[in-house]
1. What about Arg55, is it open to solvent by 60 Å² or more (accessible area, probe 1.4 Å), in a helix (DSSP H, G or I) and of a type in the set (D, E, K, R)?
2. Between residues in segment 75-103 that are in contact (Cβ under 8 Å) with a residue 12 or more places away in the chain and in a loop (DSSP other than H, G, I, E, B) and residues that are of a type in the set (D, E, K, R) and open to solvent by less than 60 Å² (accessible area, probe 1.4 Å), which pairs lie under 8 Å by C-beta distance while being six or more apart or on different chains?
3. Quickly run through segment 62-98 and pick out the residues that are out of contact with any strand residue (DSSP E or B) (no Cβ under 6 Å at 6 or more places or on another chain) and either basic (Lys, Arg) or open to solvent by 70 Å² or more (accessible area, probe 1.4 Å) (or both).
4. Within segment 110-128, work out how many residues are more than 13 Å from Lys81 (Cβ to Cβ), open to solvent by less than 100 Å² (accessible area, probe 1.4 Å) and assigned to a loop (DSSP other than H, G, I, E, B).
5. Can you name the residue in segment 29-48 that is under 15 Å from the mean Cα position of the chain (by Cα) and surrounded by fewer than 13 Cβ atoms within 10 Å (Cβ to Cβ) and, of all such residues, is modelled with the lowest pLDDT?
Amino acid sequence: LHRVDRRQRQMCIRDRSDVNLTARHTDTLSLRELLFHGCRMLSENGKFQFIYPSRYLDQVKGFAKEFRLHVTETIFIRSKKNKEIKRVIITLKKNPAILIEKELIIEADHREYSTEVNLMFKDFYLKL
């Protein structure tokens, strides 16, 4: 292994917030732009679904209202039953509908997926 001085190592490490922005693509596509283009491409009876951090749900609802979209379903996602909600699957439509709210828990026990997750993923994974 070659030696790299401290300054070079620091230059290689990006700021954690930059990494998070890149991972979420919010450095190239803002939430407002995502909803604008989703609305633009959405057919009259279609639905637009995406997963987003739950702390931004109020922002999503605000932009949805701006683009005349209606939140018709939210699925709040927890990694485990006793953990806080981190993500939400949001369904938007052009036509209003009764809001359906659900919760999805990923792990039932330590390292074991819940029944709901097993049913969702069974067609995509050989072993769960």
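1. Yes, satisfied.
2. From segment 75-103, the pairs are Leu99/Glu73.
3. Scanning segment 62-98 gives Lys65, Glu66, Arg68, Asn82, Lys83, Glu84, Lys86, Lys94, Ile98.
4. Qualifying residue count for the region: 1.
5. Leu29
The values are calculated or read from the model by the stated rules, or taken from the named source; none is laboratory data. Treat the numbers as computed from the prediction; the structure is a model and nothing was measured. All Cβ positions, even for glycine, are placed from backbone atoms using ideal geometry, and neighbour counts span all protein chains on display. With ligands, DNA and RNA removed, areas are computed over all heavy atoms of the protein, side chains included. Shrake-Rupley method; radii C 1.70, N 1.55, O 1.52, S 1.80 Å.
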